[in-house]
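Inspection log for the structure reproduced underneath, given as structure tokens.
The values are calculated or read from the model by the stated rules, or taken from the named source; none is laboratory data. This is a predicted model, so every value here is computed, not measured. Here the Cβ positions follow ideal geometry from the backbone for every residue, glycine too, while neighbour counts run over all protein chains shown.
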Amino acid sequence: MSKTLIVLNAGSSSIKFVVFDVTEGKPVNMATGQVEGLGASVSRFTAKDGEGQSLGEKDFDKASGAISTHTQAVDLILKWIDDTFPGTEVVAVGHRVVHGGVRFTKPVQINDDVVAALEELTPLAPLHQPHNVAGIRAAQAAFPGVPQVAVFDTSFHRGHPFVNDTFAIPREYYNEGVRRYGFHGVSYEYVTRRLKQIAPLDAEGRVVIAHLGNGASMCAVRYGHSIASTMGFSALDGLPMGTRCGNLDAGVLLYLLDQKGLSSSEIREILYSKSGLLGLSGISQDMRELEASDKREAREAIDYFVFRVRREVGALSAALDGLDAMVFCGGIGENSWRVRERVLQGMQWIGIDLDEEANHRNARLISSPLSRVRVYIVRTNEGLMIAEHTLTVLGLAAPEIQAFSADGTAAQRPSA
Ligand code: AMP
């Protein structure tokens, strides 16, 4: 009987999943999918195989049995796995959890104490953490007795020095947990490990990673460890995103509160859902649509996005005392040659010389031979990272993955 591991990423209105065959102790992608529209009038199930070919899709409405809870969604996923891969045993479930606070500096096997601790962190991530916990509870009910592991978006950044961990507000807030946690850590860890395989010398140096997707942030990595991130206390800080504002003068919040009389929930809605590329363009949160548009507002939204990324290349390089390599990942970072070209244009002063032709074809190395700083594109794979951590925590990983997780230097891993 083959062995299967499931990775779950539970959000407010969707659950994403990846199914891995782990019979040999190395995760091999069998399927990726999601249930979207939880609680909406129509929910949608979709799944693709490891090559991106559709394995099925189905809409659910009141007539066909609405999907309104995480429990129903996880049950649906479980049934689909049973039907699609008969004769397989689910041996573990790995969960992406947005916030590990100061306690969870690495992945952890889930038990009642861990779930209680994750719930206590809800005030630090009220929009995400409750859904992550709901996903964990739903999976515990659907897979009784199957070990589950939580992998955190904050863990990779927990080694930040104090100056990159704090805000300059009264210290009591720092002590109660108001810190610069940083997010997208699962992606940064994966990319850092992948860079060790692609370019081991660069991976040992000073690296700026730009995770540019619908959510976007950048991270400064020295000797394989995060020392600074553009994201802070929440996933709002730093770069502008699809609908999130990015860096914002706190005085703007006071203005919205005091002068405009907006409530905290109205402000939350603006900052999380109506800002960023969407807010600036008034057209779309989607970079592809903005690149295709000839409207001035679309161009200005991209201009702002590019400007902020360029600023952070400088800022994070200063935090690193220099720059040896840069990596782009995420939907925009991996696919938009235009954004990368504009970010890197005229960066010879910092040692970056772009190979335009390589950049056009989304090559792995996009800096020219003259460039002192190497620039790479790495396809991030958060699901695989979570699967490997889950196997390692449970002692089920093949020796090379165990070794990689232990010291981050093992050579061969399954390809992305
Ligand atoms: P992610 O959240 O990582 O899936 O990234 C989503 C973002 O990547 C959206 O803004 C997409 O428009 C953008 N994206 C994906 N493919 C491309 C492409 N070929 N060119 C420009 N942007 C892209």
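Whether any residue in the stretch 144-162 is touching a residue at least 24 places away in the same chain (Cβ under 8 Å), β-branched (Val, Ile, Thr) and assigned to a helix (DSSP H, G or I) is what I want to check. No: zero hits.
For Glu89, the conditions (1) in a loop (DSSP other than H, G, I, E, B); (2) of a type in the set (D, E, K, R); (3) more than 30 Å from Arg179 (Cα to Cα) all hold with the exception of (1).
Being charged (D, E, K, R) and in contact with a helix residue (DSSP H, G or I) (Cβ under 7 Å, 6 or more places away or on another chain) is the filter; apply it to the stretch 280-332 and report the residue that is farthest from the ligand (Cβ to nearest atom). Show your work before the answer.
Filtering the stretch 280-332 down to residues charged (D, E, K, R) leaves 286, 288-289, 291, 294-297, 299-300, 303, 308, 310-312, 321, 324.
With the extra rule that they be in contact with a helix residue (DSSP H, G or I) (Cβ under 7 Å, 6 or more places away or on another chain), the set shrinks to 291, 297, 300, 310, 324.
Values: Glu291: 6, Glu297: 16, Glu300: 16, Arg310: 18, Asp324: 25 Å.
Among them, the one singled out is Asp324.
Cβ-Cβ distances below 8 Å connect no pair with a first residue in the stretch 212-228 that is at pLDDT below 95 and crowded, with 24+ Cβ neighbours inside 10 Å, a second residue that is hydrophobic (A, V, I, L, M, F, W, C) and assigned to a strand (DSSP E or B), and a separation of six or more residues or different chains.
Of the set (1) assigned to a helix (DSSP H, G or I); (2) more than 16 Å from the ligand (Cβ to nearest atom), all apply to Arg340 but (2).
Find the strands (runs of 3 or more DSSP E) located wholly in the stretch 1-64 whose residues include 3 or more that are on the phi < 0 side of the Ramachandran plot and within 19 Å of the chain's Cα centre (by Cα), and list them. Break it down stepwise before answering.
Working: elements: 2-10, 14-21, 28-36, 43-49, 54-60.
Filter on the stretch 1-64 gives 2-10, 14-21, 28-36.
Taking the conditions (1) within 15 Å of the ligand (Cβ to nearest atom); (2) among the aliphatic types (A, V, I, L, M); (3) under 17 Å from Arg379 (Cβ atoms) in turn, Ala235 satisfies each one other than (3).
Yes/no per residue for (1) over 23 Å from Gly232 (Cβ atoms); (2) surrounded by fewer than 21 Cβ atoms within 10 Å (Cβ to Cβ); (3) of a type in the set (A, V, I, L, M, F, W, C):
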| residue | (1), (2), (3) |
| --- | --- |
| Val91 | yes, yes, yes |
| Gln109 | yes, yes, no |
| Asp112 | yes, yes, no |
| Ala116 | yes, yes, yes |
| Gln148 | yes, no, no |
| Thr154 | no, no, no |
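Among the residues making up the stretch 95-107, those that are surrounded by 20 or more Cβ atoms within 10 Å (Cβ to Cβ) and either among the β-branched types (Val, Ile, Thr) or within 17 Å of Ala138 (Cβ to Cβ) (or both) are His95, Arg96, Val97, Val98.
Can you name every residue in the stretch 355-373 that is touching a strand residue (DSSP E or B) at 6+ places or on another chain (Cβ under 8 Å) and surrounded by fewer than 22 Cβ atoms within 10 Å (Cβ to Cβ)? It would help to see each step written out before you state the result.
Initially, the stretch 355-373 is screened for residues touching a strand residue (DSSP E or B) at 6+ places or on another chain (Cβ under 8 Å), giving 355, 358, 362-368, 371, 373.
Residues satisfying the conditions are Asp355, Ala358, Asn362, Ala363, Arg364, Leu365, Ser368, Ser371.
Reported count of residues in the stretch 343-364, each being within 16 Å of the ligand (Cβ to nearest atom) and touching a residue at least 40 places away in the same chain (Cβ under 8 Å), is 1. For Glu266, state whether it is out of contact with any Ser or Thr (no Cβ under 9 Å at 6 or more places or on another chain) and farther than 28 Å from Asn175 by Cβ. The answer is yes for Glu266. The helices (runs of 4 or more DSSP H) located wholly in the stretch 229-334 that include 3 or more residues which are crowded, with 18+ Cβ neighbours inside 10 Å and either out of contact with any His (no Cβ under 6 Å at 6 or more places or on another chain) or modelled with pLDDT of 95 or more (or both) occupy 276-281, 296-319.
With respect to the stated conditions, Leu344 fails to be buried (at least 18 other Cβ atoms within 10 Å of the Cβ) and farther than 24 Å from Gly224 by Cβ.
Looking at the stretch 166-183, is at least one residue in contact with a strand residue (DSSP E or B) (Cβ under 8 Å, 6 or more places away or on another chain), at positive phi, surrounded by 20 or more Cβ atoms within 10 Å (Cβ to Cβ) and not hydrophobic (A, V, I, L, M, F, W, C)?
Our first condition is that a residue be in contact with a strand residue (DSSP E or B) (Cβ under 8 Å, 6 or more places away or on another chain); within the stretch 166-183, this holds for 180, 182-183.
Filter once more, so that each one left must be at positive phi: 182.
If we keep only those that are surrounded by 20 or more Cβ atoms within 10 Å (Cβ to Cβ) too, we end up with 182.
So of that shortlist, the ones also not hydrophobic (A, V, I, L, M, F, W, C) come out as 182.
Checking the stretch 166-183: at least one residue is in contact with a strand residue (DSSP E or B) (Cβ under 8 Å, 6 or more places away or on another chain), at positive phi, surrounded by 20 or more Cβ atoms within 10 Å (Cβ to Cβ) and not hydrophobic (A, V, I, L, M, F, W, C).
Confirm whether Gly205 is within 16 Å of the ligand (Cβ to nearest atom), at pLDDT 95 or above and surrounded by fewer than 24 Cβ atoms within 10 Å (Cβ to Cβ). Steps first, please.
Numbers: within 16 Å of the ligand (Cβ to nearest atom): no; at pLDDT 95 or above: yes; surrounded by fewer than 24 Cβ atoms within 10 Å (Cβ to Cβ): yes.
Considered against the rule, which asks whether it is within 16 Å of the ligand (Cβ to nearest atom), at pLDDT 95 or above and surrounded by fewer than 24 Cβ atoms within 10 Å (Cβ to Cβ), Gly205 comes out as no.
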